[in-house]
Amino acid sequence: MEAIQSEHYKVQLEDVFEGPMDLLLHLIKKNEVDIYDIPIALITQQYLEYLEWMKAMNIEFAGEFIVLAATLAQIKSRMLLPAYEGEDEEEDDPRDKIARPLIEYLQMKTAAQKLASRDLLGDRTFIRPIPPGQAELTGDETEIQVGLFELIDAFRKILDNAPGEHHVDLQTETISVKERINQLVDLFEIKHSLTFEELFENQKTKSDIIVTFLAVLEMVKINLLRVSQQVQTSVIRLFYQ
């Protein structure tokens with residue numbers, strides 16, 4: 001996919017969701033591999049592909065993403081070097097350089113999530129009532145929070161199946177991201193929640209689909225939308241809040 005040709009609108013990744021460690025954890029989970037036994041060549045390739053895709057989508061990311069990419073490339077190079085006779089067999093695995101920080105980051109993130117899940121005094125005094133007809137989760141359904149990279153995976157599948165051009169110029173489009181946000185707000189005022197796929201049902205071109213996705217990212221950043229996924233069905237749903 002060619003890069004979006006507009007400098008007019010960019011999504012600041014660090015203001016929206018997550019950082020480089022989250023992307024790395026996402027890839028490890030996606031490939032179902034052990035943090036202590038990372039297939040470094042595969043993970044490095046996929047990591048760089050994500051960065052290229054985000055750059056094409058005008059999603060700006062912090063320099064820490066580039067630093068981690070360089071670290072992965074360095075580890076990959078070290079693992080490709082042949083072992084020499086007399087070399088210490090107990091030498092540390094090069095992958096430990098990334099595995100140990102990953103474990104520490106995962107521990108801190110888990111602790112932070114536990115703290116965030118605690119009820120604060122008075123935090124449930126004012127609750128948006130559930131609108132009539134809005135589906136609620138049953139006791140058999142479990143929701144998990146969706147991060148940026150799960151959302152990107154879902155969006156890439158939609159984009160790959162969409163007809164139309166690969167070249168996108170947001171400056172020449174008939175609708176801007178801000179206008180699309182206003183449309184989505186009107187829609188969510190009525191529907192209150194939508195599945196991720198439902199957002200793109202009436203989008204005829206790839207340009208429209210991309211603008212909608214950028215609008216969703218902006219709405220999540222300013223806390224207009226909450227994104228979650230049902231574990232049993234893997235359906236991603238967005239809630240207006």
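All of the numbers you see were taken from the coordinates with simple rules; none came from a lab. In this text the structure is predicted, and so the values were computed from the model without any measurement. Here the Cβ positions follow ideal geometry from the backbone for every residue, glycine too, while neighbour counts run over all protein chains shown.
Brief remarks on what is shown
- Between Y36 and I144, the contour length at 0.36 nm per residue exceeds the alpha carbon distance by 36.4 nm.
- Most to least packed among 181-191, 55-65 [average Cβ atoms within 10 Å]: 55-65, 181-191
- Taking a straight Cα-Cα cut-off under 25 Å and skipping sequence neighbours fewer than 8 places away in the same chain, the lysines within cross-link reach of K178 are K10, K55, K157, K191, K204, K206, K221.
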